Each structure stands twice: as C-alpha cells, then as structure tokens.
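The values are calculated or read from the model by the stated rules, or taken from the named source; none is laboratory data. Keep in mind it's a predicted model, so treat the numbers as computed, not measured. In this analysis, Cβ positions are derived from the backbone assuming ideal geometry, glycine residues included, and neighbour counts consider all displayed protein chains.
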Amino acid sequence: MPLISEINNIRYNTPSPLFENELKEIILHQIPGIADDYEFDTQQTIDRFKNIHYSFTETSTINPQTNVDDGAIVLLSCGKDSLLTLEFARELDIDITPIHINDTTTPYENSISLETVKKIEKSSDISIEIITNNIEKLNDFETWNKPPSCLGYSHMMTGFCFLALPFLHNNASMVLLGNQQNMNFSFRTNQGYIGYPSFDQTTKARHQQEKKLKLLNKRLRVLSLVEPLTDIAEVKILFSRYPELAKYQFSCNCLDGSNGKRWCHSCNKCARLSIFMLAHGFDVKSVGMHSMLSKRFIDYYTLFGLKPEIDRYEKSTEARDQQLLAFYMAYKNGVKGQLIELFKTRFLADAVAREDELREKFFKIYKTDLPGNLRTKLHSIIKEELNELK
C-alpha cells in the first residue's frame, strides 16, 4: 500500500509480521514484469519500495499446534485454472470448501464473477463461500488517485492464502491454488531484468506461502493440482473432461474498461483462450466468445510480435511457442481466418519442423511436490487426457 500511495513512512499498531522479509521478496520479484508493462523505471521503483519505513509494536507469539482436518480450500476465481482445480479435487474425492474472493476494486468484473459463482453453485450442487475483501482497495491505484498500475496486486495470491485461514482452522489442511506451469516461465524485460507473468503464482512463491502458513500450523500445505500443466494442456482437459463446468469460464481482466459483457475481445487473454480452444477443436461460442482470427486482432497475439497490447503473461519464449503450436493445431483442424492465412505464410514451416518438440514441451506432466497419493491419481487423469496429443 505505501508503494502505491507513495507514502514513505507508515506506523502499524500491530505486532511486526512473522514473514515481512519473505513478503517483500515476492513483491520485489514481481516489480520488473509490472514495470515493463507500465513503462516504469524498474530500479527507481525497486529503490522506492526498499526505502519505505515501517514501524510496529512488539512481536506476539503464536501456537502452531491447532487441529486441522484433511480437506482443502479451493480458491475459485471462475477462470480455467480454478475451475480445473475444482473438478480435479472433486474427482480425487478431496473434501473441498470452494471460496470466491470479491476484491471490490473492479465493480463490473466482480458483478459478472458473482453471477457466475451463483450459476456454478446451482448447476454443480456445491456451496461456494464468498469473501468480500474491502481491504484490497488500499492496494489499488484508484484509491490513491495515482496512474494505472497493478503493483498493488503483486502479492495477491499470498493474501488469498491468508484470507482462507478462517476456513482452514479445524476444517482443512490444504490451500489449493490455480498456479499452472506457465507462471514459472520467465522473460527478459526491456530494462534487462528477469520478469515473471506473476511471481506470486510461481512454484517458488508457493513454497514461500506454505512456509508462512506453517508458522501458524505445521500441518498446513499450499499446493496446486494444475501446476503440472501448461495453459494449452489445461484448456484441453477442462473442456474435454468437464464441459459442464468449462462453459462457465470467465477470466477477462479488461471488462471495467470496455463495453464487453463477459469477454472484452480486446486483450491478449481473450486471444489466447480463443486460439487454444480452436487448437483442440472446441467451439469458442460455448463460453460466449467469438473468433479472434481477423487481422484487427493481430496485436493481441505474441506470435506475431510483442506489441504494446501484449502484457507480461505473454512475453516469455514459451508463451510465444505455445501459440505457435496452437495456431498449427487450429490450422490442421481446418480453422479459417485471416490470421491463420498469415500463420501459414510466416510460421507453418517452423511449426511443422518443431511439432514433436512443441508437443512434448506443452503436453507433458511437469514435476510437482504433490503428496504421493494425490499425485498418482492426478497423473492418471492427466495421462488419460493428454497422451494422444504428445
């Protein structure tokens, strides 16, 4: 919050955090990627963050021995990662408590999210807890009348882990995050730093989050059932194995600045989902989208070059190669469009030459630290869905 508000000194009437340094590390790793998107000076932003002065009252003690059960909290945003996590957990017979967090900072997007949650509850016969997180406004640039930035959300998933704490006590021992493998793919920023799509969702950050929760209870775990998978693999499994839930997918972040209803069709996230669905032969209309293959959408695809419209989620080499594979698969499926024709001219030969390499990379099961009983059952499901694609 001080970084966003440009307050340099802040005093809390609370004990000092148990994990202040770890939280700062997560934010520092995220600054380069965000600075790249918003054209901030990276070093200046890092220095400003490091020079904020905090003061607290004395440290309190805790007892990390309270009781927990074997269930899991599923953080449900209604995007593909969390929907697939929900269905994996149900198929694995995990006792789950789904939680949807309303951060209150994007009213239009939040209204659609809450409406989607109600539809999922009704169609899937599950109860979803709603947490209204008004404190998130303190991290939002609009609260402080500052230029647009998502610096305040660089620790969002860490915050979500702690918002789940009331549900963990005596009910569950696991927090299941929707962190897929693409979050681990880094890139070099324009200013020469290492950037991440969302460092807060990398495997390294997840381990730090688990370490923090274990200070509160030694049995608590922070895990991801979708961490073994890339984006394009997730889309295949979600829409082929769980189509009744897949149709509710909602993961466009630009709705508050557009006239869109469920998808803005004006961002690289919409473009990415569109081409991944077409790559697997799924109808984009099933999620309320339309095709984004005319030339007016070219700037939203990283395959055709890094334009200002491309954010940090699409800047890695792996993101570009994943789209190369997706366009090739869509082309082989007979999909038509101006961008398919452009793909044929510029990239078809490269895709044909690298097909085996690309399929192996994006449809393999990446290593995770899931407990053995869950890992064995989960890998069996994944292999059943992906083996034909490798």
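In this structure, does Lys137 turn out to be in a helix (DSSP H, G or I) and over 30 Å from Leu3 (Cβ atoms)? Here the answer is no, as Lys137 does not meet what is asked. Selection of segment 287-315 for residues being in contact with a Lys or Arg (Cβ under 9 Å, 6 or more places away or on another chain), of a type in the set (Gly, Ala, Ser) and modelled with pLDDT of 95 or more yields an empty set. Against the numbered list (1) surrounded by fewer than 16 Cβ atoms within 10 Å (Cβ to Cβ); (2) farther than 26 Å from Ser198 by Cβ, Phe343 comes up short only at (1).
Pairing each residue of segment 258-287 that is in a helix (DSSP H, G or I) with any residue that is of a type in the set (Lys, Arg), provided the two are 6+ apart or on different chains, yields C-beta distances under 8 Å for Leu273/Lys80; Ser286/Lys247; Val287/Lys247; Val287/Arg262.
Criterion applied to Thr57, Thr132 was being exposed (fewer than 14 other Cβ atoms within 10 Å of the Cβ) and in contact with a Pro (Cβ under 6 Å, 6 or more places away or on another chain), and the one residue passing it is Thr57.
Matching residues to (1) of a type in the set (Gly, Ala, Ser); (2) on the phi > 0 side of the Ramachandran plot; (3) at pLDDT below 95; (4) under 27 Å from the mean Cα position of the chain (by Cα):
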site	(1), (2), (3), (4)
Ala326	yes, no, no, yes
Ala330	yes, no, no, yes
Asn333	no, no, no, no
Phe343	no, no, no, no
Phe362	no, no, no, yes
His379	no, no, no, yes
Leu389	no, no, yes, yes
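Taking the numbered list (1) part of a helix (DSSP H, G or I); (2) at pLDDT 95 or above in turn, Val74 passes all entries but (1). For Arg219, state whether it is outside any loop (DSSP other than H, G, I, E, B) and either at negative phi or surrounded by fewer than 20 Cβ atoms within 10 Å (Cβ to Cβ) (or both). Taking the combined requirement at face value, the residue does not satisfy it. Of all the criteria given as (1) part of a helix (DSSP H, G or I); (2) touching a strand residue (DSSP E or B) at 6+ places or on another chain (Cβ under 9 Å); (3) over 18 Å from Leu278 (Cα atoms), the one not satisfied by Asp369 is (1).
Please verify whether segment 20-35 includes one or more residues that are more than 20 Å from Tyr196 (Cα to Cα) and either surrounded by 13 or more Cβ atoms within 10 Å (Cβ to Cβ) or modelled with pLDDT under 90 (or both). Yes, the conditions are met somewhere in segment 20-35. Across segment 307-355, the qualifying residues are those that are in a helix (DSSP H, G or I) and among the aromatic types (Phe, Trp, Tyr), and the one among them that is farthest from Asp283 (Cα to Cα) is Tyr313.
Taking the numbered list (1) under 17 Å from Leu23 (Cα atoms); (2) buried (at least 18 other Cβ atoms within 10 Å of the Cβ); (3) touching an Asp or Glu at 6+ places or on another chain (Cβ under 7 Å) in turn, Asn182 passes all entries but (1). Scanning segment 274-302 for residues that are hydrophobic (A, V, I, L, M, F, W, C) and surrounded by fewer than 23 Cβ atoms within 10 Å (Cβ to Cβ) turns up Phe282, Val284, Val287, Met289, Phe297, Ile298.
Being more than 14 Å from Gly159 (Cβ to Cβ) and among the small types (Gly, Ala, Ser) is the filter here; which residues of segment 195-219 pass it? Residue satisfying the conditions is Gly195 alone.
For segment 77-92, the set of residues classified as modelled with pLDDT under 95 and surrounded by fewer than 22 Cβ atoms within 10 Å (Cβ to Cβ) consists of Ser77, Gly79, listed by residue number.
Is it the case, given these coordinates, that Glu210 is of a type in the set (Asp, Glu) and free of Cβ contacts under 8 Å to residues at least 60 places away in the same chain? It is true that Glu210 is of a type in the set (Asp, Glu) and free of Cβ contacts under 8 Å to residues at least 60 places away in the same chain. Look at segment 361-390: where a residue is among the aromatic types (Phe, Trp, Tyr) and a partner is in a loop (DSSP other than H, G, I, E, B) and modelled with pLDDT of 95 or more, sitting 6+ places away or on another chain with Cβ atoms under 6 Å, you get Phe362/Thr230; Tyr366/Pro228. For segment 185-208, the set of residues classified as hydrophobic (A, V, I, L, M, F, W, C) and surrounded by 18 or more Cβ atoms within 10 Å (Cβ to Cβ) consists of Phe185, Phe187, Phe199, Ala205, listed by residue number.
Under the condition of being part of a helix (DSSP H, G or I) and touching an Asp or Glu at 6+ places or on another chain (Cβ under 9 Å), which residue from segment 140-159 is farthest from Ile96 (Cα to Cα)? Filtering first and then ranking leaves Trp144.
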